[in-house]
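As C-alpha cells, the structure follows; a few thoughts come after it.
Where a number appears in this text, it was derived from the coordinates with a stated rule and is not lab data. On a predicted model such as this, the values are computed, not experimentally measured, just so you know. Cβ sites come from the backbone with ideal geometry, for glycine too, and all protein chains shown count toward neighbours.
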Ligand SMILES: Nc1ncnc2c1ncn2[C@@H]1O[C@H](COP(=O)(O)OP(=O)(O)OP(=O)(O)O)[C@@H](O)[C@H]1O
C-alpha cells in the first residue's frame, strides 16, 4: 500500500484487494457484452396522492451509469432509490419527465427492454418447479428454437455454476433459502445474457456472507461489460468497496455520485470531515438524513444534483468499442420482442402450469375430495326426488344449490391465488419472457382441465343420487351448463383479482355475487309478467340468471312428460313441468340461448381480466373506467386497511 494513501483509502484498498480474490469468473456462455451507458438528466417523478394532490419523488436528478461498472444507489429510507431504479428500468414511467439517454441516444423503452433485465426485490418464483426446470423454462421461453438444446443445457450449467446453484439444481423453488432464491432470480434473468441489469435491493434479507457473494457475482457480471445498477441499504465497508460507482440519493435529489473512496474528500470539501475509521457510506447517509444538521442543499449544489462528473473519474473499460454497441443496437431493433412465437409460448406455459397444478398433489386431492363430499352431501339432502311430482319445488332447490356450489368453489380460489400470480406475471412479462395473449390462453386451458374433472365427479354423483331424468340429452345439457357456470365463475374471480389484492378481492367477489344470485332467482313465484322493467334489465347482467335458466331447461324443459305423483299424495301441483316453468318465470327459457349467454359472460370476464392486467403491466396511469373502479374500491371500500 502506498504510504501517501489516507487511512480510509487504505481500508478501501484492503477490502477491494480482498474482494478481488472472490470475484467469480464468467462461464463461456456469458460472453462479454458491448457497452450500454445510461445518462439521465433532470429526471422528475411524481405520484398522485389524492384527488388533487401529488408528491414529487425525484427532483431534477441527473446521473451517468457506465457499462463495465457495478453501481450502487444508496440513500436513507424513503429517499427515492427504488423509484429512480424503476424509472430508469422503465418499470415506472407514467408521470416522469426528463431525459434518459442510452449510449447518447434517447431511450426507446421498447428496445431498451430487450437488452435490460430488472430483478425485483421480492423473490417470487414459480412454485412446484425445481431450480433446473425453472431455468429450462426461462431458456426455452427467452431463447426459443434459435438456440440448440445442448447449447441451452450448457448455458444453464454455466449460470448455475457461476451462481453456486448447482447443488440445489433438483430442489423445488419453495424449498430454497433466501440467498438461493435471490441467486435464482438473477440466474433466471441471465439466460439471455442481458447488457443492463437493474436490481432492487439484492442483499435485503441476506447475511453478510451471502450479501458479499451476491455482490461479487454482480461485480463479475459488470466485468463482462454489463451495466449493473442496484439499490442497496447501508452496506458494510467491505461490501461498499466492491462498487465501482456510488450514487447517493436524499429527498429525491443526488447528494453524491462517483467513486466510493471519493466520498471522504467530497464531504471534507463541503466542511463535513468523515471521522477516522467511519464507513464513508454510513457517514454520508447519516449526513443526508440530517444527523449532523441540514446539509442536503449544499451537497446537491456541490454535485450539481448528479450532473457533476468530477468524482466519477474511473475510465470506461477499454475492451468495448462504441462501434460494437451500435452494431448490437441495430441488430436488436430487428429482433422480435420475444424469444419464441406466441404458439410456442402458449405450449410452454400450458406445460408449466399443468405440471405445477398436478405436482401440487395435496391441492388436487383436496379439490377432488371436496367435490366428492359436497356431491354426496347435496345428493343425500335431495335424495331420489328428481322424478317425484310432490317434491318439484324441492328439486328446483337442488338445481339452485348446485349452481351456487359451482359459483363459489371455482371463484374463491381464483380470488386468493391470482393476486400472488400477478406478482410473478409482472416480473416475467416485464423481462420479456412471454406476451400476455399466450399467458391468458395457457391459463384458460390449464384451469379448464381440472375444472372439467371436478365438475364431472360432482355431476355424476348428484345426478344419479337425486334421480334426475335418465335421458342422455338432458344429462349432457345439465353437465354442459354446469361446466359453463364453473368456468364463468372462475373467470369472474380472476377478473376481480386481477385488479384487487387478496383481502379486497375476497370481500368484493362474494359481495357482488349476492345481487347476482338475487337477480338469478327474482322471478320465482311471481312469473315473468310481474317483473319490473328495471329488474328485468338488471337480470340481463347476471350470468347466474342464465345459468339457472339453463339448468332448469335441461331438467324440465323441452316437453318433459308429467312426473310421477306418489300414491300417498292426494294432489301434486307441479306434476306438469310446464306449470313449474311458468311459476318460475322461465316458460320462455331456451337452453341454447342460456348456454350461449353464460359462455358470453365467461368471455367477457376473461376480456376484463386481460384488459385490467395489461393496464397494470403497462404501468401507465389511465383514466379508463376499470382504473377508476379499482381506485374507487381501494379508496372507499378498502377493507385491507381497516
Ligand atoms: N405510489 C406512491 N404514492 C405515494 N408515495 C409514494 C409512492 N411511491 C413511493 N412513494 C414515496 O416516495 C418516497 C420514495 O420511495 P422509494 O420506494 O423510492 O424509497 P426508497 O429510497 O427505495 O426507500 P426504502 O429504502 O425504504 O425502500 C417514499 O417517501 C415513498 O413513501
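Based on a Kirkwood Rh over C-alpha pairs, give the Stokes-Einstein translational diffusion coefficient of the range 141-183 at 37 °C and viscosity 0.692 mPa s in µm²/s.
Details: Rh = 11.5 Å.
Here the translational diffusion coefficient equals 284 µm²/s.
What ranking do 64, 592, 408 get, fewest neighbouring Cβ atoms within 10 angstrom at the top? Please report the intermediate quantities before stating the final value.
On the way: 64 19, 592 10, 408 15.
Taking fewest neighbouring Cβ atoms as first place, the list is 592, 408, 64.
If you line up the Cα atoms of the range 342-610 on their principal axes, what length do they span on each, largest first, in Å?
Principal extents (Cα only, largest first): 72, 42, 33 Å.
With only alpha-carbon atoms counted, please give the Rg and Dmax of the range 367-505, in Å.
17.9, 63
Report the full-extension gain for the segment residue 343 to residue 170: residue separation times 0.36 nm, less the Cα-Cα distance, to one decimal in nm. Don't skip to the end; give the middle numbers.
On the way: separation 173, 0.36 × 173 = 62.28 nm, distance 2.82 nm.
Taking residue 343 through residue 170 to full extension adds about 59.5 nm, to one decimal.
Over all alpha-carbon pairs in the range 326-437, figure out the percentage whose distance exceeds 23 Å. Each step should come with its number before you reach the end.
Details: 3501 of 6216 pairs.
In whole percent, the long-distance tail amounts to 56.
Using a Förster distance of 30 angstrom, determine the FRET efficiency expected from the C-beta separation of residue 268 and residue 56, and round it to 0.05. Numbers along the way, then the final one.
Details: r = 31 Å, r/R0 = 1.03.
Result of the calculation: an efficiency of 0.45.
Once the Cα atoms of helix 131-143 and of the chain are each reduced to a long axis, what angle between those two axes, in degrees from 0 to 90 to the nearest 10, is obtained?
Tilt of helix 131-143: around 90 degrees.
Taking the radius of gyration and the Kirkwood hydrodynamic radius from Cα positions alone, what is the Rg/Rh ratio for the range 245-288, to two decimal places? Intermediate results must be reported in sequence, preceding the final value.
Values: Rg = 9.6 Å, Rh = 10.5 Å.
Looking at the range 245-288, the ratio lands at 0.92.
If you wrap a convex hull around the Cα atoms of the range 522-625, how much volume per residue is inside, in Å³?
Values: hull volume 12.3 nm³, N = 104.
Normalising the Cα hull of the range 522-625 by residue number yields 118 Å³.
What is the gain in length, in nm to one decimal, between residue 387 and residue 453 on full extension, counting 0.36 nm per residue of separation less the C-alpha to C-alpha distance? Intermediate results must be reported in sequence, preceding the final value.
On the way: separation 66, 0.36 × 66 = 23.76 nm, distance 2.69 nm.
Going from the current span to full extension adds 21.1 nm.
Based on the Kirkwood radius over alpha-carbon pairs, what is the Stokes-Einstein translational diffusion coefficient of the range 159-201 at 10 °C with 1.306 mPa s viscosity, in µm²/s?
On the way: Rh = 11.0 Å.
Translational D for this selection: 144 µm²/s.
Normalising by the residue count of the chain, find the relative contact order in percent from Cα pairs under 8 Å and 6+ residues apart. Working shown, then result.
On the way: 1049 pairs, mean separation 97.7, N = 642.
Result for the chain is 15 percent.
What is the ratio of the Cα radius of gyration of the range 441-540 to 2.2 N^0.38 Å, with N the residue count, to two decimals? The partial results should precede the final answer.
Numbers: Rg = 16.9 Å, N = 100, 2.2 N^0.38 = 12.7 Å.
In units of the globular-protein estimate, the range 441-540 measures up at 1.34.
Determine the calculated [θ] at 222 nm for the chain from helices alone, applying -39500 (n - 2.57) to every DSSP H run no shorter than 4 residues and normalising by the residue count; nearest 500 deg cm²/dmol. Each step should come with its number before you reach the end.
Numbers: 23 runs with 350 residues, N = 642.
About -18000 deg cm²/dmol.
How long are the three semi-axes of the equivalent ellipsoid of the range 39-101, in whole Å, if each is the root of 5 times an eigenvalue of the C-alpha gyration tensor, listed from largest down?
Values: eigenvalues 99, 35, 18 Å².
Largest first, the range 39-101 gives 22, 13, 9 Å.
Percentage of Cα-Cα pair distances in the chain greater than 49 Å, rounded to whole percent?
Values: 59257 of 205761 pairs.
That fraction is 29 percent.
Given Cα pairs under 8 Å that are at least 6 residues apart, what percent is the relative contact order of the range 342-610? Before the final figure, lay out each step's value.
Numbers: 348 pairs, mean separation 75.9, N = 269.
Relative contact order, the range 342-610: 28 percent.
Going by how many other Cβ atoms sit within 10 Å of their own, how do 125, 371, 277 line up, fewest first? Walk me through the numbers on the way to the answer.
On the way: 125 19, 371 22, 277 9.
The fewest-first ordering by Cβ neighbours comes to 277, 125, 371.
So how do 236, 402, 523, 67 line up by other beta-carbon neighbours within 10 Å, fewest first?
Details: 236 15, 402 26, 523 20, 67 23.
Least crowded to most crowded, the residues run 236, 523, 67, 402.
Measure off 7 Å from each Cα along the Cα-to-Cβ vector at residue 209 and residue 150, then give the distance between these two points in nanometres to one decimal.
Those two pseudo-labels are separated by 3.8 nm.
Using the Cα atoms of the range 148-301 to build a convex hull, what is its mean projected area in square nanometres? Please list the in-between numbers first.
Numbers: hull surface 42.9 nm².
The orientation-averaged projected area of the Cα hull of the range 148-301 comes to 10.7 nm².
Considering every pair of different Cα atoms, what Kirkwood radius, in Å, is found for the range 99-202?
On the way: mean 1/r = 0.0685 Å⁻¹.
About 14.6 Å, per the Kirkwood formula over Cα pairs.
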